[in-house]
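Right, one structure below, let's go through it.
Throughout, read-outs are computed from the coordinates displayed, never taken from laboratory work. Please read these numbers as outputs of a predicted model, since none were measured by experiment. Every residue, glycine among them, receives a Cβ derived from its backbone with ideal geometry; neighbour counts consider all protein chains shown.
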Amino acid sequence: MNVHPLIETLSRLYDADRLLTRPAQLMAYESDALTAFQQRAAAVVIPQNREEVIETIRLCHGYNVPFVARGSGTSLSGGSLPIADGIVIALNRLDRILRLDAAERIAVVEPGVINLKVSEAAKPYGLYYAPDPSSQSICTIGGNVAFNSGGAHCLKYGMTSNHVLGMTVALPDGEVVELGGESLEGIGPDLPGFFVGSEGLFGVALEITLRLLPIPQTYRTVLAAYDSLHAAGDAVTAVVASGLLPGAIEIMDALAIKAAEVGAKAGYPTAPALLIVELEGEESAVEAEFSQLMQLIEETAPVEVRMAQTADERARIWKGRKAAFSAVGRLAPDYIVQDGVVPRSRLGDALAEIDRLSASYGIDVANVFHAGDGNLHPLILFDGREEGALERAEELAGEVLELCVELGGSITGEHGVGMEKRAFLPKMYGPLEMQAMEDVRRSVDSKSLANRGKMLPAGEAESLTHVGPHPLEKAGVIFRE
Amino acid sequence: MNSVSEIQEAVQGAKSVRVRGGGSKPALSQRDCQVDAQCLDLSALKGVIDYQPEEYTFTARAGTPVAEMTALLAEKGQYLPFDPPLAERGATLGGTVAAGLSGPGRYRYGGIRDFLIGIRFVDGKGQEVRGGGAVVKNAAGFDFPKLFVGSLGRLGILTELTFKVFPQPSAYATVAAEFDGLSDLLGALDAVTRSAIDLHAVDFAPEEQGWTLWVRIGGLLTVLQERAQALRTVVSAGTGQMRSLSLYQDQEEEEGLWQTVRSMRWLTEGTGLVRIPLTPQRIPAVEEALSGSQTATRRYSVGGNLLWLGWPDVTAQAGVEQDSSRDLHGLLQELGLQGIQLIGRARREGANRDEGDARDHEGPLLGRPLQNAFLRRIAAALDPEGKFEPW
């Protein structure tokens, strides 16, 4: 594949400062938040408007060169890893909120808009954008759309795809289509729903219409400590069975608690397991539900219970939880974040098995998870300087994924397949399913140019190397979840 | 059809295949089955395969009647929060997904697209393919469940569905407010939908005189009265032109209000039913356009994001019978909206069908055309020989 004629043509479209080809410039784009993978692109382009994006895609199609669209590069599955000899389309400058219609409760945004900026813009109208990935202060909506990002609060209102009403999309050959619209309802196949989570394989979203929700009147957050993970798991079962519908239910184990203490000084009690439950909604309803919740929690014999009395206390509970992953970095030089899902009633089985695996590999595993929807995030700790340590950690991570599939769950709840889990998708789906996905992909993208090599096994394998945490993560700017 | 393998054989053996379930949306199923194609009746492919109340998920065969499923869920205090419509008329789960239908409760937690988490379907090659999964959170692979919501049997034949469900609120209350005119109502609508009150359903409709707005809340009985008072205040504050306001708290009576909506019992005998997505801001233009046409019964649902329109099948103009869905098609085109006819005669059977009419001007789809390159490419992959009706 000779990419030079394309770069030559691109140089007529982009000024030199927006067409990066020098190794020093390309280095910044070599990895995303899954730092175990790195790859150098032939060039990075930085478009300033949708026309430039469309033209770039058309040119890539014409010259037969693969491309990766990228936002802030916070993917935990290597979703925005460059393709060797391919082009990276950095969308960060398409960062305008084009329209915020409070009466219709929608925001129309460009793909480079940062997740949190949408909620900030909507706040004066009493509205917010619900999906809250831990990296929300830096990750972009375009990336959220590509990977159907989740967050701690998806239990009640769902993930990104539940909040995207419509979009304008450039297909992998540059043809532009409108999917969905501004209404909550639609006619015909749910094409926005199919596009969300397609990991860049169907093209690039140029404009996205998001649904906004009224900001909840109040939150009530409780933190309960238990003398075993099992007891905390039982408490989750009791809360879910009660018919209460919390906005979030989270569990952390001893190692994760320790990390959060070291990293964020959250003031958590020292215990083998912590449960966080948060209710949100109207004041009177939340009050009534909260007393029911507290009664339930008392019955599950916690060793300590703390209620957040103020917004500050609530923020501190969440800060500890959201920082737990990066903070684990202080306990070990390196770690892998896994993201699997099991049926909620199998959480106990899954945790016991992860414990067993951890012991048999002699590798520490910290557990932080969205217990309400069975979404596990084991953090596998290792020292990359040790010969073979990364490979063994990867092997353990793989066993966890296989466990999730065996228990009837999924290999990813919110991080996506990306580069990281390509080998595991065929374990979750059979050959017919893999073929159907490949057929659809080929039909949408006849040359397999858009984010080639992600999600679906294709092309040459990328190199797996150890490079340590992302610099922004070390600085505590981004978090893994 | 009693089994998936029968469906697979039928698809492999036929040139053209159409599907019907409970027949509750005859404009989709009857028409499909009248064209020159093999019609597969899926109403016998029914039954619950797996229901685990503690997981808040269930898997059932596509022909399972919605009413049977909701009764089973109710025994465990659970429900499908999107209020699947037409259950009383025999709608099946598969038909509800294929038609992409959600009822008034869709306002609170999302539509059928947000609750369908897994499917199995027979594609155009006769293969049974699985999409999605059985857990409530899953980001692995392409989201086929969402693609099949609203697919009208034109991408594949749904055989099995997995839904997530929610705990049913223990009690409900509805505030009904009457207004002199639409603009007064829309003022109140804006106030109520932007408030921090958690609304389960927001519907409105023209009455003999004026307009009525119904707003539903649900939750713990102990605080429902207090919340209903807060809701009354918000509804009242939005406008000075409210004629009256009533509160429904008797559970049976209150449920009856919404049962009427789900079952479309408000629909006048002999009129068809057309579903039209829109946004509240489009409503004044729609009302103006409708005022020039024959009187149409109608109900706006999902906070003004959906219009259910009762539309007469045939009208006599100057003594000549006219296929009136053609009028509606033109009207929606002018408004830039899309609609789908569910009950009544679809346009192809009209009394004076133009032979030269383009494809997209036929059938149950009305108004602005739907096709786009993305959909065409997907359909070409799943149904390469065009055995299902093309998009």
Starting from the eigenvalues of the Cα gyration tensor, five times each then square-rooted, give me the equivalent ellipsoid semi-axes of the range A:218-406, largest first, whole Å.
-> 30, 18, 13
With T = 4 °C, eta = 1.567 mPa s and Kirkwood Rh from C-alpha pairs, the Stokes-Einstein D of chain A in µm²/s is about 56
Listed residues A:H4, A:V164, A:L81: farthest to the positive end of the dipole of chain A (Cβ charges) | A:H4
Please figure out what share of the DSSP beta bridges in the protein assembly as shown is antiparallel and state it in percent, rounded to the nearest 5.
-> 90
Put a dot 7 Å past each Cα toward the Cβ at B:I49 and B:E385; how far apart are the dots in nm?
-> 2.5
Furthest towards positive pole of dipole, B:Q168, A:A146, B:L28, structure part the protein assembly as shown, Cβ charges = A:A146
So, with +1 on the Cβ of K and R and -1 on the Cβ of D and E, and no other charges, what is the size of the charge dipole of chain B about its Cα centre, to the nearest 20 debye?
-> 960
Distance from a point 7 Å along Cα→Cβ of A:E313 to each backbone N in the range A:259-283: keep the residues under 20 Å and list them by number.
-> A:261, A:264-271, A:274-283
Between B:T268 and B:N2, the FRET efficiency computed from the C-beta separation at R0 = 30 Å comes out, to the nearest 0.05, as 0.20
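For a Förster distance of 30 Å, can you work out the FRET efficiency between the beta-carbons of B:A289 and B:D180, rounded to the nearest 0.05? It would help to have the intermediate numbers written out before the result.
Values: r = 21 Å, r/R0 = 0.70.
Computed FRET efficiency for B:A289 and B:D180 comes out at 0.90.
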Using the eigenvalues of the Cα gyration tensor, what equivalent ellipsoid semi-axes result for the range B:171-262 when each is taken as the square root of five times the eigenvalue, whole Å, largest first?
-> 20, 15, 10
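Please compute the length gained on full extension between A:E283 and A:N64, using 0.36 nm multiplied by the number of residues separating them and subtracting their Cα-Cα distance. Walk me through the numbers on the way to the answer.
Working: separation 219, 0.36 × 219 = 78.84 nm, distance 5.74 nm.
Length difference between fully extended and current span is 73.1 nm.
Work through the residues other than A:S161 whose Cβ is under 13 Å from its Cβ and net out their charges, Lys, Arg +1 and Asp, Glu -1. Each step should come with its number before you reach the end.
Values: positive: A:R211, B:R113, B:K137, B:K146; negative: A:D190, A:E199, A:E414, B:D114, B:D143.
Counting the neighbours of A:S161, the net charge comes to -1.
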Sort A:D312, B:D41 so that the residue with the fewest other Cβ atoms within 10 Å of its own Cβ comes first and the one with the most comes last.
-> A:D312, B:D41
Residue-wise HN-Hα coupling along the range A:82-95, computed from phi with Karplus coefficients 6.51, -1.76, 1.60 (Hz; x: Gly, Pro) | x, 9, 4, 6, x, 10, 9, 9, 8, 9, 4, 8, 8, 10
Under 5 Å from the placed amide H of A:A248, counting only residues 5+ away or on other chains, we find A:E278
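Just how large is the dipole of the range A:58-217 about the Cα centre, in debye to the nearest 20, putting +1 at every Lys and Arg Cβ and -1 at every Asp and Glu Cβ? Before the final figure, lay out the partial values.
Values: 10 positive and 15 negative charges, 89 e Å.
Once rounded to the nearest 20, the dipole reads 420 debye.
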Go from 0 up to the bin containing the longest alpha carbon distance in the range A:1-157, width 10 Å each, and give me the % of pairs per bin.
-> 11, 37, 31, 16, 5, 0
Using Cα atoms only, what is the angle between the long axis of helix A:50-63 and the major principal axis of chain A, expressed in degrees (0 to 90) to the nearest 10?
-> 60
Among B:Y107, B:Y79, rank each residue by its count of other Cβ atoms within 10 Å, from fewest to most, as a rough exposure measure.
-> B:Y79, B:Y107
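At a Förster distance of 35 Å, what's the computed FRET efficiency of A:A241 paired with A:E178, Cβ-Cβ distance as r, to 0.05?
Values: r = 43 Å, r/R0 = 1.24.
The formula returns an efficiency of 0.20 here.
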Starting from 0 in steps of 10 Å, tell me what percent of the Cα-Cα pairs of the range A:3-92 lands in each bin.
-> 19, 55, 24, 2
Rg/Rg_globular for the range B:96-188, with Rg_globular taken as 2.2 N^0.38 Å and Rg from C-alpha atoms = 1.45
Based on the Cα coordinates of the range A:97-214, what is the per residue volume of their convex hull in Å³?
-> 95
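With contacts defined as alpha carbon pairs under 8 Å and 6 or more residues apart, what's the relative contact order of the range B:171-262 in percent? Please list the in-between numbers first.
Values: 157 pairs, mean separation 42.4, N = 92.
Once divided by the residue count of the range B:171-262, the mean separation gives 46 percent.
May I ask for the Kirkwood hydrodynamic radius of chain B, worked out over all distinct Cα pairs and given in angstroms to one decimal?
Kirkwood radius, chain B: 21.9 Å.
Rounded to the nearest 500, what is the protein assembly as shown's calculated 222 nm mean residue ellipticity when only DSSP H runs of at least 4 contribute -39500 (n - 2.57) each, over all residues?
-9500 deg cm²/dmol
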Cα-centre dipole for the range A:3-92 with unit charges at Cβ (Lys and Arg positive, Asp and Glu negative), debye to 20 | 60
Rg to Rh, two decimals, where the range B:98-257 supplies the alpha carbon set and Rh follows Kirkwood = 1.10
Spin-label model distance (nm) - A:Y125 vs B:A237, 7 Å beyond Cα toward Cβ | 1.9
Could you state the orientation-averaged shadow area of the convex hull built on the Cα atoms of the protein assembly as shown, in nm² to one decimal?
-> 34.9
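Please rank B:T279, B:T212, fewest neighbouring Cβ atoms within 10 Å first, as an exposure proxy.
Ascending number of Cβ neighbours within 10 Å: B:T212, B:T279.
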For A:L116, what charge total do you get from the other residues with a beta carbon under 11 Å from its beta carbon, if Lys and Arg give +1 and Asp and Glu give -1?
-> 0
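Filter A:K454/B:K387; A:K447/B:K387; A:K421/B:K146; B:K46/B:K146; A:K322/A:K454; B:K146/B:K387 down to the pairs with a C-alpha to C-alpha distance above 24 Å, please.
Numbers: A:K454/B:K387 31 Å; A:K447/B:K387 26 Å; A:K421/B:K146 22 Å; B:K46/B:K146 21 Å; A:K322/A:K454 27 Å; B:K146/B:K387 21 Å.
Beyond 24 Å: A:K454/B:K387; A:K447/B:K387; A:K322/A:K454.
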Calculate the spin-label point distance for A:A301 paired with A:L98, positioning each point 7 Å from the Cα along the beta-carbon direction, and give it in nanometres.
-> 5.9
In degrees from 0 to 90, rounded to the nearest 10, what is the angle of the helix A:389-406 Cα long axis to the longest principal axis of chain A?
-> 70
